[in-house]
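One structure, pasted below without further comment.
Coordinate-derived values only; no laboratory data. Here the structure is a predicted model, which means the values were calculated and not measured. Every residue, glycine as well, gets a Cβ built from its backbone with ideal geometry; the counts of neighbours run over all protein chains shown.
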Amino acid sequence: MVLTPAWSSLRRQLENLGTQRARLEETLQKMKTKVFFFKQGNHDRMNFDATSREKIVQQIQTAIAKYQEIKEKINKSMKFYATLQVLSKLCSVIAPQMEKH
């Protein structure tokens, strides 16, 4: 069968459209893959961020508890040394008087 130039032109256009369609489908598939991995990546990043936040909150709570403990020990130490200083002064006053007796 002999094709007329019009049919040949239509056949080439149809083949070109088929090639373009194949390229578009391939591009669409690549885009779907990228979107899938992007969504997965965001999900993983959100999980990581939530996990990181939990760890940071835990570290802050531990640091606050340690700060409170240190603050309490410092206050007790200050009271002890204040009492010790008073007793030392008292001893320095009383000791000479006892030596006289």
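What nm value, rounded to one decimal, do you get for the distance between Thr83 and Ser8 when each label is placed 7 Å out toward the C-beta?
Distance between the two pseudo-spin positions: 11.3 nm.
A further question on this structure: If you average the C-alpha positions of the stretch 68-101 and of the stretch 1-30 separately, how far apart do those two centres end up, in angstrom?
One Cα centre to the other: 100 Å.
Also, I was wondering about something else. Need one number: nm distance between label points at Gln29 and Glu69, each 7 Å from Cα along Cα→Cβ, rounded to one decimal.
If labels sit at Gln29 and Glu69, their model points lie 6.0 nm apart.
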